[in-house]
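Every read-out reported here was derived from the displayed coordinates using simple, explicitly stated rules and does not represent laboratory data. Nothing here was measured: the structure is a model prediction, and the numbers come from that model. As a convention, Cβ positions derive from the backbone with ideal geometry for all residues, glycine included, and neighbour counts pool all protein chains shown.
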Amino acid sequence: MDLSEKEIILKIKQGEIDYFAFIVKKYSTLIYRHIGTKLKKKEDIEDLVQNVFISFYKSIDNFDHAKPIKPYLYQIVKNELKMFYRSRKPTLSLKEEIVIETKDESVFVEEDLEVLNGEEKQMLLKIGEGYSYEEIAKKFKKPLNTVKSIIRRARIKTKRNYEKT
Amino acid sequence: MKKLEEKIIKRIYGLETKKTTIYIVSRFFLGLILLFSIILSSLSVFDLLNEQHSFDLFNFFQDGFEVTKKYFFSNLYNFYQELPQPLTYILLTSIIILLVLLVLIIKNSNKIKNKLISLYKFYKNK
């Protein structure tokens, strides 16, 4: 059957889904080889090839039939690979000790703010509230570099005090 | 590679079977609910109007063209005011939604017909 890709897409859009087999037959080897260059496991490659064609089928109603299929398929491959790598990314569960440690840290910051003078304390608190150096400089009407050095000094003071205790 | 192609096509048909079934069943039940609501609300409206003798307002049609011309709009307005408003709105809304649904079904009928033929061919040759 000599049908152009455009005609095939139009037919699939009209509900003649058996024409999707032409697309699968034409591009499956190409997509398989392309994914094969990125992945090693045969099962993973096959799964991804299947997902690519299923994604393409699902979005075929929105696909512009005037455009070529190949670049669109490659774009799907790219997205599928991204999702694949993301799903295989090793994750570590947060250990209980880490949570406790974080809690302790927040306690020491509050206690050790007492060693700071009023200005240093206020600026450090503003940093904790999420203000940027520029915003703090504007608020306290001081040059940016002065603010930076005050905050740095305040941090060193609190750190020293924490180490002492 | 042929096995993989077959797997893909099989999954596509599985997906399409599910999608088409949901489409047909949902449209069927939605149509049925709307039809039921139209019948029920129109019967209620009719009964209420009959009870109020509101249809007597249209008796003036028998009194000749001049009388009809003179009282047509005022009688029509009186009849409108005697209509049970909430039920009438339900009836009208249901009719509009049913009409929209019918237009959409007619518009998509060719696509659904083609899909059903493709699915039939696939499962027959399986």
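Highest mean first, what order results for A:20-33, B:53-66, B:88-101 on Cβ atoms within 10 Å?
Values: A:20-33: 17.2, B:53-66: 11.6, B:88-101: 14.9.
So the peptides A:20-33, B:53-66, B:88-101, ranked by packing, come out A:20-33, B:88-101, B:53-66.
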Specify the inter-centroid distance of segment B:21-41 and segment A:118-142, based on alpha-carbon positions, in whole Å.
63 Å
Just checking the output field for A:7-18: average partner chain Cβ neighbours within 10 Å of each residue's Cβ?
4
Using the basic label-point model (7 angstrom from Cα toward the beta carbon), what is the B:Asp47 to A:Lys142 distance in nanometres?
8.2 nm
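Under the 0.36 nm per residue contour assumption, what length would be gained going from the current alpha-carbon distance of A:Lys70 and A:Arg153 to full extension?
On the way: separation 83, 0.36 × 83 = 29.88 nm, distance 5.92 nm.
Full-extension gain reported as 24.0 nm.
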Enclosed volume per residue, in Å³, of the convex hull spanned by Cα atoms of segment A:1-51:
86 Å³
Going down the list A:Lys26/B:Lys121; A:Lys11/A:Lys40; A:Lys25/A:Lys89, which pairs span over 25 Å between their C-alpha atoms?
A:Lys11/A:Lys40; A:Lys25/A:Lys89
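Can you figure out the FRET efficiency of B:Phe61 with B:Thr21, using R₀ = 51 Å and their beta-carbon distance, to the nearest 0.05?
Calculated transfer efficiency: 0.50.
I'd like the Kirkwood hydrodynamic radius of the protein assembly as shown, using the inverse of the mean 1/r over distinct C-alpha pairs, in Å. The partial results should precede the final answer.
Working: mean 1/r = 0.0360 Å⁻¹.
Across the protein assembly as shown, the inverse of the average 1/r is 27.8 Å.
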Set of lysines with alpha-carbon distance to A:Lys157 below 18 Å, sequence-local pairs under 8 removed:
A:Lys121, A:Lys126, A:Lys148
What base-10 log of the normalised intensity I(q)/I(0) is obtained for chain B from the Debye formula, alpha carbons as equal point scatterers, at q = 0.09, 0.12, 0.22 Å⁻¹?
-0.51, -0.68, -1.18
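Full-extension gain between B:Thr88 and B:Ile33, please, as 0.36 nm times their residue separation minus the C-alpha to C-alpha distance. Present the calculation step by step, with values, prior to reporting the outcome.
Values: separation 55, 0.36 × 55 = 19.80 nm, distance 1.68 nm.
Taking 0.36 nm per residue and subtracting the Cα distance, the gain is 18.1 nm.
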Just name one of A:Ile17, A:Ser28, A:Ser4: the one whose Cα is farthest towards the positive end of the charge dipole of segment A:1-40 (beta-carbon charges, Lys/Arg +1, Asp/Glu -1).
A:Ser28
Give or take rounding to whole Å, what are the principal axis extents of the alpha carbon atoms in segment A:5-88, in descending order?
38, 21, 18
How big is the dipole moment of the protein assembly as shown about its Cα centre under a simple scheme where the beta carbon of each Lys and Arg is +1, that of each Asp and Glu is -1, and everything else is neutral? Debye, nearest 20, please.
2260 debye
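Give the peptides B:117-125, A:45-53 in descending order of average Cβ contacts within 10 Å, highest first.
Working: B:117-125: 12.9, A:45-53: 21.6.
By packing density, highest mean first, the sequence is A:45-53, B:117-125.
Where the only charges are on Cβ atoms (+1 Lys, Arg; -1 Asp, Glu), what is the dipole of segment B:1-40 about its Cα centre, to the nearest 20 debye?
Values: 8 positive and 3 negative charges, 55 e Å.
Its charge dipole is roughly 260 debye.
When the dipole is taken about the Cα centre of chain B, and only Lys, Arg (+1) and Asp, Glu (-1) are charged at their Cβ, what size is it in debye, to the nearest 20? Intermediate values should be presented prior to the final figure.
Numbers: 17 positive and 9 negative charges, 419 e Å.
Result for chain B is approximately 2020 debye, rounded to the nearest 20.
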